């Protein structure tokens, strides 16, 4: 049954469509986060923040003070990156940045799942992570490999790129949140 369903997907989902599904799935996932994050922070933020080690508490503190608008601005920035790497893959067959972003998207599923299990609460994004992001990511990896769009070594190169780009990108994101919080406190 599963193999028949997979064969049906393979026959009816063109690779270009599969690639463009990435920004679409990302937005469905982030809509869940956008509409729930501010209230979730109000209800659970203090408990979650107090459970962090001191260095992480200080680093992520501005994230626990942001509102829906600030979070949506962060999402817009990430969305622009995802559309860019998808465009590079679709129009120029340059897949490594797409794979790096797909790796992060896939790993992000486990962040939400871990948060929900560890804190025994709903974590914003966990529903779409499990229902949309996980199946999409797995199928995208499968199709890109079986259609020989990428090779296993490309997955490794994507992981290396992710490890190079993610730390400075995360620091920029957190600095932006810190600036936003300090600006709001002066108003």
(message) Looking at region 21-59 only, could you name the residues that are within 18 Å of residue 114 (Cα to Cα) and either surrounded by 15 or more Cβ atoms within 10 Å (Cβ to Cβ) or modelled with pLDDT of 95 or more (or both)?
(response) 29, 30, 32, 33, 36, 37, 40, 41, 44, 45, 48, 49
(request) Can you run down the residue pairs with Cβ atoms below 6 Å, 6 or more apart or on separate chains, where the first is in region 70-81 and touching a residue at least 40 places away in the same chain (Cβ under 8 Å) and on the phi < 0 side of the Ramachandran plot and the partner is surrounded by 13 or more Cβ atoms within 10 Å (Cβ to Cβ) and assigned to a helix (DSSP H, G or I)? (result) 70/180; 75/30
(request) Working only within region 1-59, note down all residues that are touching a residue at least 60 places away in the same chain (Cβ under 8 Å) and over 29 Å from residue 96 (Cα atoms). (result) 36, 37, 40, 44, 47, 48, 51, 59
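Please tell me if residue 140 is surrounded by 15 or more Cβ atoms within 10 Å (Cβ to Cβ), closer than 27 Å to residue 59 by Cα and in contact (Cβ under 8 Å) with a residue 24 or more places away in the chain. Walk me through how you get there before you give the answer.
On the way: surrounded by 15 or more Cβ atoms within 10 Å (Cβ to Cβ): yes; closer than 27 Å to residue 59 by Cα: no; in contact (Cβ under 8 Å) with a residue 24 or more places away in the chain: yes.
Answer is no for this residue.
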(message) With the requirement that a residue be over 11 Å from the mean Cα position of the chain (by Cα) and in a loop (DSSP other than H, G, I, E, B), what does region 100-159 give you?
(response) 120, 121, 122, 123, 124, 147, 148, 149, 150, 151
(request) All but one of (1) surrounded by 15 or more Cβ atoms within 10 Å (Cβ to Cβ); (2) touching a helix residue (DSSP H, G or I) at 6+ places or on another chain (Cβ under 7 Å) hold for residue 115, so report the exception by its number. (result) (2)
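The values are calculated or read from the model by the stated rules, or taken from the named source; none is laboratory data. All values reported here derive from a predicted model rather than from experimental measurement. Here Cβ is always computed from backbone atoms with ideal geometry, including for glycine, and neighbour counts include all displayed protein chains.
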